[in-house]
1. How many residues are charged (D, E, K, R), assigned to a helix (DSSP H, G or I) and at pLDDT 50 or above if we restrict to region 227-286?
2. Based on what the data block shows, is VAL114 touching a His at 6+ places or on another chain (Cβ under 8 Å) and not charged (D, E, K, R)?
3. Within region 237-252, track down each residue that is closer than 18 Å to GLY16 by Cβ and either acidic (Asp, Glu) or buried (at least 19 other Cβ atoms within 10 Å of the Cβ) (or both).
4. Residues of region 5-29 being part of a loop (DSSP other than H, G, I, E, B) and among the β-branched types (Val, Ile, Thr), which ones?
5. Considering every residue within region 39-48, establish whether at least one is part of a helix (DSSP H, G or I) and not hydrophobic (A, V, I, L, M, F, W, C).
6. Pairs needed: first member in region 188-211, among the hydroxyl-bearing types (Ser, Thr, Tyr); second member anywhere, modelled with pLDDT of 95 or more and assigned to a loop (DSSP other than H, G, I, E, B); C-beta distance under 6 Å; at least 6 residues apart or different chains.
7. Only one of ALA35, ALA116, ALA10 is in contact (Cβ under 8 Å) with a residue 60 or more places away in the chain, surrounded by 17 or more Cβ atoms within 10 Å (Cβ to Cβ), farther than 22 Å from ARG176 by Cα and in contact with a Leu (Cβ under 7 Å, 6 or more places away or on another chain). Can you tell me which?
8. Hey, any hits in region 120-136 for a residue that's surrounded by fewer than 17 Cβ atoms within 10 Å (Cβ to Cβ), under 21 Å from ASP181 (Cα atoms) and without any contact (Cβ under 8 Å) to a residue 60 or more places away in the chain?
Amino acid sequence: MAYHVELQIAAKTDTGLVRSHNEDSIAHSREYGLAILADGMGGYNAGEVASAIATSTIKEMVEAQMQTHSWDARSNHSKYIQQLLIGSVERANDAIIDAARAEPQFSGMGTTLVAAVFHQNKMTVAHVGDSRAYRLRRGELALLTRDHSLLQEQIDAGMIDPELARFSSNRNLITRAVGVDHLIEVEVHDHLTQIGDVYLLCSDGLSDMLSMQEIGEILNHTASDLELTCDALVARANKNGGSDNTSVVLVVVRSNEVADSRLPERALNWISDKAKVRWPWKRQAK
């Protein structure tokens, strides 16, 4: 990589106490600063197929494109990363639709999705549906994504108190998903990162079972050990009912320094420029 982002990543997925199988899928890469979480839906086994297609397709495309990207440290790469995430989600969307068309038992499957790329001093996050991204900074927890759901529309309209929203019977009615229509709208945003930030990607199996306060308390008390934090979040979701699959991906920013990949080239240019000055003088001395 021509830039340097030092991350610590941990993840966990759990079936929960009610569902018979796990339809969530997670993927991540420290090397590419990538974290992906998908929550599948659509009948027996089909949901896990959709989520697996989504995470694998996005991971493969993002890594392949980032390998060949020119990481000039002075450039702003946010637009490139945004377009890359949108394009990879669109490709995953088409792949899920194609799989459903080829296999009748997968008809109607789809998935929600949240994916983040950490690059330089930014985190670019893309999401579809109600899988979420949170940030813990200096003890304060913030929700970085806005659910694409009927419930969120009711909250925005002032019909439901946000504090009571997770108890609503409408909480699982989403308005966007990956793999259900060829036309897909991906929401994408950039966020500046700071060293020590903790980022949480999660399925609604966590956000439906835990309040913001509970999530914040667990992150604050256990964030020094990410594996322990993952276990604690999932355990609390199960303690509170475990009515759905629960998946979490935790990312801690350890360093967001940017390495200047042009430094060797600049050094060679400096030497070359100096040589152009010296050599004519030496020729004249002869």
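The values are calculated or read from the model by the stated rules, or taken from the named source; none is laboratory data. These figures come from a predicted structure and were not determined experimentally. Cβ: placed from backbone, ideal geometry, glycine included. Neighbour counts: every protein chain shown.
1. Of the residues in that region, 4 qualify.
2. Against the criterion (touching a His at 6+ places or on another chain (Cβ under 8 Å) and not charged (D, E, K, R)), VAL114 qualifies.
3. Across region 237-252, the qualifying residues are ALA237, GLY242, ASP244, ASN245, THR246, SER247, VAL248, VAL249.
4. Across region 5-29, the qualifying residues are VAL5, THR15, VAL18.
5. The answer is yes, given that some residue of region 39-48 is part of a helix (DSSP H, G or I) and not hydrophobic (A, V, I, L, M, F, W, C).
6. Close Cβ pairs satisfying both conditions: SER203/SER131.
7. ALA10
8. no
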